[in-house]
1. R0 = 30 Å: FRET efficiency of ARG90 with VAL43, Cβ-based, nearest 0.05?
2. What lysines does LYS135 reach when the alpha-carbon gap must be under 24 Å and sequence neighbours fewer than 8 apart in one chain are set aside?
3. With N set to the residue count of segment 33-154, report its C-alpha Rg divided by 2.2 N^0.38 Å to two decimal places.
4. With Cβ to Cβ distances under 12 Å as the rule, what net charge do the other residues near THR65 carry (K, R +1; D, E -1)?
5. At a 10 angstrom cut-off on C-beta neighbours, averaged per residue, how do the peptides 114-125, 47-58 rank from highest to lowest?
6. Check LEU118: other-chain or 5+ apart residues with amide H under 5 Å from its amide H, H built from backbone geometry?
Amino acid sequence: MTTFDLSPLFRTSVGFDRLASMLATASRPEQGNGYPPYNIVAVDENQYQVTMAVAGFSDDDIEITTEQNVLRVAGQRNEEGADEAKYLHRGIATRSFERRFNLADHVRVTGADMENGLLHIYLEREIPEAMKPRKIEISSARRLLDVKQQEEKAA
């Protein structure tokens, strides 16, 4: 396995601690067995959708939470009233699960729904006004002089 030394980058950077921990986490092999399977789709530049295959789970069995830029999806099947059938083969997994997704700054969950055994979670990046690009007018000494002269004439 190839490892990267990012210490030169962090010698000249301040406040990127979270980036370092994300890179360290990403370099580790995924824990668990990949259940339940999921897709992440970029709907457009600022909208995303996470779709998880959660067959056998109801809305009440799934909990979606966000905290400190982490989306957490957990499923705990309610075993109350479980059927008493004798399965010859049970291929539909209904075991408990937990998936975590790191969210970028300013990405928030806007909603979720379940359809045909698929859980859809909708995310949107909301860029604050202070971070949006803005045009800066260039002023010159001549233009300022013209404005002053017009103000003096008006007075």
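1. That pair, ARG90 with VAL43, gives E of 0.30.
2. LYS148
3. Working: Rg = 26.2 Å, N = 122, 2.2 N^0.38 = 13.7 Å.
Taking the Cα Rg and dividing by 2.2 N^0.38 Å, one obtains 1.92.
4. It works out to a net charge of 0.
5. 47-58, 114-125
6. So LEU118 has HN proximity to VAL54.
Values in this text are rule-based calculations from the coordinates and carry no lab data. As the structure is a computational prediction, the values presented were derived from the model and not from experiment. Don't worry about glycine lacking a Cβ; one is built from the backbone with ideal geometry, like all the others, and counts go over all protein chains shown.
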